[in-house]
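So the structure is just underneath, and the comments pick up after that.
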Amino acid sequence: MNQTSDPILNYLRDAINYIDTTFGEGYAKEHPELIGALIQVVAADYNTKLTAKILQKGLADIASAIEHTSLTEGK
């Protein structure tokens, strides 16, 4: 498995680095529950951002359709 293309390994590595940088070297290894919690937060944040992006595009399309309909009905 290519580690550079595996996002899960990247998330784990980043979580461990973040925890160790914040709380001291080896803290993540001593507290693996923090790794899981941090991964859950990152996943939820990613999901929220992706959902917002999709909704933003959909709402823009709806607004455009309404504007187009309003303009064509007025003729």
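No lab work stands behind these numbers, since they all come straight from the coordinates. This one's a predicted model, so the numbers in the text were calculated from it and none came from an experiment. Every residue, glycine as well, gets a Cβ built from its backbone with ideal geometry; the counts of neighbours run over all protein chains shown.
Between Gly24, Leu34, Asn10, whose Cα lies farthest towards the positive end of the dipole of the chain when Lys and Arg beta carbons carry +1 and Asp and Glu beta carbons carry -1, centred on the Cα centre?
Checking the options against the dipole of the chain, the answer is Asn10.
From the helices alone, meaning DSSP H stretches of at least four residues, give me the mean residue ellipticity at 222 nm for the chain, per-run term -39500 (n - 2.57), in deg cm²/dmol to the nearest 500.
Numbers: 3 runs with 63 residues, N = 75.
Rounded to the nearest 500, the figure is -29000 deg cm²/dmol.
Short version: what are the Cα gyration tensor semi-axes of segment 3-73, square root of 5 times each eigenvalue, largest first, in whole Å?
On the way: eigenvalues 382, 26, 13 Å².
Equivalent-ellipsoid dimensions as semi-axes: 44, 11, 8 Å.
For the chain, take the longest principal axis of its alpha carbons; what is the angle in degrees between that and the long axis of helix 32-73, to the nearest 10 within 0 to 90?
Approximately 10 degrees, to the nearest ten.
How far, in degrees from 0 to 90, does helix 7-23 lean away from the longest principal axis of the Cα atoms of the chain, to the nearest 10?
Relative to the chain, helix 7-23 is tipped by roughly 60 degrees.
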